[in-house]
1. Specify the residue that is farthest from Tyr88 (Cα to Cα); the eligible residues are those in the range 33-74 that are assigned to a loop (DSSP other than H, G, I, E, B), in contact with an Asp or Glu (Cβ under 9 Å, 6 or more places away or on another chain) and charged (D, E, K, R).
2. Identify all residues within the range 1-21 that are more than 12 Å from the chain's Cα centre (by Cα), open to solvent by less than 70 Å² (accessible area, probe 1.4 Å) and modelled with pLDDT of 90 or more; write none if there are none.
3. Here is a list: Leu52, Leu60. Which entry is open to solvent by less than 70 Å² (accessible area, probe 1.4 Å) and in contact with a strand residue (DSSP E or B) (Cβ under 8 Å, 6 or more places away or on another chain)?
4. Suppose the filter is without any contact (Cβ under 8 Å) to a residue 12 or more places away in the chain, on the phi < 0 side of the Ramachandran plot and touching a Leu at 6+ places or on another chain (Cβ under 7 Å); does Arg49 pass it?
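The values are calculated or read from the model by the stated rules, or taken from the named source; none is laboratory data. Since we're looking at a predicted model, the values are computed, not measured. Ideal geometry is used to build each Cβ from the backbone, glycine not excepted, and the neighbour counts take in all protein chains shown. With ligands, DNA and RNA removed, areas are computed over all heavy atoms of the protein, side chains included. Shrake-Rupley method; radii C 1.70, N 1.55, O 1.52, S 1.80 Å.
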Amino acid sequence: SICAERQVLFIVNDSLDLALAVNADGVHLGQDDLPLGAVRRLLSGMNRREVLIGRSTHSLEQARQAEREGADYIGIGPVYATPTKPTYEPVGLELGHIWSPFHRLSASAGYRHELSLIVRRMPASGDP
């Protein structure tokens, strides 16, 4: 209700059951989480078609796959090396060519703003 009062989306990371239990606006799925199509079918069967589904991606091919599977939005990263994702190669800041094809994902999810890439500077000591 705090998010709704402020007109901010509430997205639960990695846990569809928790997202449903707390009536979240969406769920964000990693590459090793449930298949997007299965989540979409489950939500449809529960008459919860309005729930947004996002997907973490780590390459252009994964981003394209998420689009083919019907992701409402994607996250691409990590931008920088991070101790929380030691097995992932950083994708760097050269992501404009990846993001531009997915502008419509933002619009299809009902957002009124343009899709933006936000990069927060990480402290030298690692992840906050």
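1. Out of the qualifying residues, it is Glu50.
2. Ser15, Leu16, Ala19, Leu20
3. Matching residue, one of Leu52, Leu60: Leu52.
4. Numbers: without any contact (Cβ under 8 Å) to a residue 12 or more places away in the chain: yes; on the phi < 0 side of the Ramachandran plot: yes; touching a Leu at 6+ places or on another chain (Cβ under 7 Å): yes.
So Arg49 passes the test.
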